[in-house]
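Chemist: Can you keep this structure in mind? I'll have questions shortly.
The values are calculated or read from the model by the stated rules, or taken from the named source; none is laboratory data. What you see is a predicted model, and the numbers here were worked out from it, not measured in a lab. Neighbour counts are summed over all protein chains in view; Cβ atoms, including those assigned to glycine, are modelled from backbone coordinates with ideal geometry. Ligands, DNA and RNA are stripped out before the accessible areas are found, and what is left, the full protein with its side chains, is counted by its heavy atoms. Shrake-Rupley method; radii C 1.70, N 1.55, O 1.52, S 1.80 Å.
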Amino acid sequence: MADKKRETFGSKLGLIMATAGSALGLGNIYRFPCEAGANGGAAFLIVYLAIALLIGTPLMVAEFIIGRRSKSNAVGAFKVLSGTGSAWPLLGYLGVLCAFLILAFYTTVAGWTLGYLGKAAAGHFSGQDLASIQQQFSSFTNHPWLPIVCQLAFLALTAVVVMRGVKDGIERWSKILMPMLLVIMVVLCVKSLTLSGAAEGLAFFFKPDFSKITGRVLISALGQSFFSLSIGMGALITYGSYISRKDNMVSSAVGVTLADTLVAVLAGVIIFPAAFSFGIQPEAGASLAFTTLPMVFQQMTGGYFFCLMFFLLLVIATLTSTISLLEVIVATLTEELHLSRTKAALVGAAGTAVIGVLATLSFRAGSPLHIGSSTVFDLLDHATALYLMPIGGLLIVLFLGWKMKRADVMDELTNGGTLRTGIRKAIYLIIRYLAPVAIAVIFVSQLVMR
Ligand code: TRP
C-alpha cells in the first residue's frame, strides 16, 4: 500500500485551513461555553488555556508526524510505524471507534444548527421574548421527527463532501468560510459587551476563583481542549497523512491552536455577558448557546440578517468538523478494507446514524434513553471526552516519545534538517515527558477526587 498514490493537500494554507476547519465547530461555540458555565467560568478558562497551549499543540504536532511519516490512515499508520505483530494498531481502532461515537452525538447538535438556520430564515426569533425563545428550543428538541430529519440531512451532507475526496471537498470548503465566521463573531462580541449587566458575565468568565479548580474541572478542561482541537483520536493523524514534506507542522499547529482558542474565548465573551444580562443561568447546558444567541440578535439592528449569516456559517463550521470525523472512518475503510470511497462514506454515515438517532431521541423530555441519570447523548459525550480521548492522547504521545526513534521524529519536526531545531527540541521533550505525565495525572486525579 505504501507506494499507492495518495492525495495531498494542495498548499500550506490548505493544511492550516483543513485543520482549523476540523478544530473550529460546535466545540468552540456550543460545548466550550457549556463546559465553562458548568465548571466555574474563569477557573475553567485558565486551566483550559494552559492545557491547550502546553499539551494541545505538542499533541497536534505528534499526530501530524505520525500521519506524515506513515502516509496512512489512523490504523495503518501504527502498522507502518511499529511493524508487524505489534499491538499499536489497536490504538488506531480506538480512534475509529471514537470517531463513530463523537460523530453520533455531534450530529445531534449539528442537526439543531440546520434547524436553527431554517428558523432564522423564517424569522422565528424576531420580536420574541426570552420565554418564547426558550420555549422554541424545547419544542424544537422535543419535536417528534424534525431533529432526526435535520440530523440525517447533516450526515448526508457530510458524506457527500467526503465522497468527493480530500482536495476538492475538504480543503475548498474550509478555506473560504472560516474567516467570515470570525468577523460575525467579533460583531456579536461588541453587541454583547454593550448589553446592560454585561459586566457580571465578564467577571464570571474572566475573574478566577482558584478554589473552584477541582479534579472535575481539570479533566473537563483536558477533555474540552482535546475535543476542541480534534486531538487524541487520529483525526489529525489522518489529515497529517495528506501533508507534504515541505509543510511546517509546528507553525501550523501553533496557528490552529491559537485560532481555535480565540474563537472559544470569543464565544464566551459573547455568551456569558448576554446570559447574565438576560437572566439565563450560565449552567443552562444544552440550551445556553441556542437561547442566548438568538436573544442577542434580537437586540441588534440588522438582527435578522446577522442571525441568518451566523447560523449559516455555524452550519459550515460544523460541517468541516463532521467531515474530519467521517474522514477518519473513511480513510481506514478504504485503505484497510479496500472499500471504495463512496461505499466507505455510506457505511460510515449509516453506522453513525444508528447511534446518532438514539442520542437525539434521548434529549426528549421523558425519554427512556437514559443510563443512570445520563442521557445517551451525555454518555457518548463523556465517554469520548473524559475517557477515550485522554487515553488515546496519552498513548499517542507515548508512541511518539518512546516507541519511535528520536532521529526519525526530529527528521519530521525539522523537515529533514531544514528548519531550526531549538523550539522543536523543546516540543520533543514535552511530548516525551511533560505531556504524558500531565495527562496521566489529570486522568487519575479525576478518578480519585470526585
Ligand atoms: N473539534 C471540533 C469542534 O470543536 C469537533 C471535532 C472534529 C472533533 N473532529 C474531531 C473532536 C476529532 C474530536 C476529535 O467542534
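Chemist: Tell me, in nm to one decimal, what length is gained between Ala440 and Lys405 on full extension, where the rule is 0.36 nm per residue of separation less the Cα-Cα distance?
Modeler: Difference between extended and current length: 10.3 nm.
Chemist: Ok, one more. What percent does the relative contact order of segment 323-369 come to when contacts are Cα pairs within less than 8 Å and at least six residues apart? Mind showing how you got there, number by number?
Modeler: Values: 20 pairs, mean separation 12.5, N = 47.
RCO, segment 323-369: 27 percent.
Chemist: Continuing with the same structure: With a ≥ b ≥ c taken as the square roots of the eigenvalues of the C-alpha gyration tensor of segment 171-322, please select rounded if a/c is under 1.5 and otherwise prolate if a/b is larger than b/c or oblate if it is not?
Modeler: On the way: a/c = 2.31, a/b = 1.35, b/c = 1.71.
The shape class here is oblate.
Chemist: Now, a different point. Could you give the accessible area per residue of segment 303-358, probe 1.4 Å, as a whole number in Å²? Please list the in-between numbers first.
Modeler: Values: 1860 Å² over 56 residues.
For segment 303-358, the solvent-accessible area averages 33 Å² per residue.
Chemist: How much FRET efficiency would the formula 1/(1 + (r/R0)^6) give for His370 and Leu346, where r is the Cβ-Cβ distance and R0 is 30 Å, rounded to 0.05?
Modeler: On the way: r = 31 Å, r/R0 = 1.02.
It comes to 0.45.
Chemist: Only Cα pairs within less than 10 Å get springs; with that Gaussian network setup on the chain, which residue of Ala52, Ala199, Ala359 has the largest fluctuation?
Modeler: Its mean-square fluctuation being the largest, the pick is Ala199.
Chemist: Could you size up the charge dipole of the chain around its Cα centre, putting +1 on the beta carbon of Lys and Arg and -1 on that of Asp and Glu, and report it in debye to the nearest 20? Show your work: numbers first, answer last.
Modeler: On the way: 31 positive and 20 negative charges, 234 e Å.
The calculation lands at about 1120 debye.
Chemist: Only helices at least 15 Å long along their axis, Cα-based, and averaging -1.0 or more on Kyte-Doolittle count here, so list those DSSP H runs from the chain.
Modeler: Values: long enough: 12-23 (17 Å, 1.10); 57-70 (20 Å, 0.54); 89-121 (47 Å, 1.39); 130-142 (18 Å, -0.11); 146-163 (26 Å, 2.41); 172-193 (34 Å, 1.66); 215-229 (21 Å, 1.09); 249-278 (43 Å, 1.90); 287-298 (17 Å, 1.15); 303-336 (49 Å, 1.72); 341-361 (30 Å, 1.31); 435-448 (20 Å, 2.28).
For the chain, where a helix must reach 15 Å along its axis and average at least -1.0, the hits are 12-23, 57-70, 89-121, 130-142, 146-163, 172-193, 215-229, 249-278, 287-298, 303-336, 341-361, 435-448.
Chemist: Now for a separate question. What nm distance separates the two modelled labels at Ala121 and His143, each placed 7 Å from Cα along Cα→Cβ?
Modeler: Each label point lies 7 Å from its Cα, and together they span 1.2 nm.
Chemist: Could I ask something else about it? Taking a spot 7 Å from the Cα of Arg245 along the direction of its beta carbon, which residues of segment 399-426 have an amide N less than 16 Å from it?
Modeler: 408-419
Chemist: So, one more: Let me know the shape class of segment 324-450, please: from the alpha-carbon gyration tensor, a ≥ b ≥ c as square roots of the eigenvalues, rounded when a/c is under 1.5, otherwise prolate if a/b is greater than b/c, or oblate. If you can, show how the numbers build up before the last one.
Modeler: Details: a/c = 3.64, a/b = 1.46, b/c = 2.49.
Since a/c reaches 1.5 but b/c is at least a/b, the shape of segment 324-450 is classed as oblate.
Chemist: Over segment 36-140, with the other protein chains present, what is the accessible area per residue in square angstrom, probe 1.4 angstrom? Kindly include the intermediate steps, with their values, before the conclusion.
Modeler: Values: 3130 Å² over 105 residues.
Ligands and nucleic acids excluded, the figure is 30 Å² per residue.
Chemist: What does a probe at Tyr387 reach in segment 425-450, counting residues whose amide N is under 20 Å from the point 7 Å along Cα→Cβ?
Modeler: Zone members listed by number: 439-450.
Chemist: Below 14 angstrom from the Cβ of Arg432, what's the summed charge of the other residues (Lys, Arg +1; Asp, Glu -1)?
Modeler: Values: positive: Lys403, Lys405, Arg406, Arg424, Lys425; negative: Asp408.
Charge balance in the 14 Å sphere: +4.
Chemist: If you don't mind, another one. On the accessible surface of segment 53-177, probed at 1.4 Å, how many percent belong to carbon and sulfur atoms?
Modeler: Details: 3020 of 4520 Å².
The nonpolar share, carbon plus sulfur, comes to 67 percent.
Chemist: Here's something else I'd like to know. Rounded if a/c is under 1.5, else prolate if a/b is larger than b/c, else oblate: which is segment 270-391, with a ≥ b ≥ c the root eigenvalues of its Cα gyration tensor? Display every interim value, and only then the final one.
Modeler: Values: a/c = 2.52, a/b = 1.54, b/c = 1.64.
Oblate, since a/c reaches 1.5 and b/c is not below a/b.
Chemist: Which residue fluctuates most in the GNM of the chain (Cα springs below 10 Å): Thr375, Thr322, Thr292?
Modeler: Thr375
Chemist: Under the definition of Cα pairs under 8 Å and six or more residues apart, what whole-number percent is the relative contact order of the chain?
Modeler: Details: 731 pairs, mean separation 151.5, N = 450.
That works out to 34 percent.
Chemist: Just subtract the alpha-carbon distance of Ala426 and Tyr304 from 0.36 nm times their residue separation and send over the number in nm, one decimal. Let's see the in-between values first.
Modeler: Numbers: separation 122, 0.36 × 122 = 43.92 nm, distance 4.89 nm.
Using 0.36 nm per residue and subtracting the Cα-Cα distance, I get 39.0 nm.
Chemist: Now for a separate question. Pick from Arg432, Arg420, Arg69: which residue has the top mean-square fluctuation in a GNM of the chain where Cα pairs under 10 Å get a spring?
Modeler: Taking springs between Cα atoms under 10 Å, the residue moving most is Arg420.
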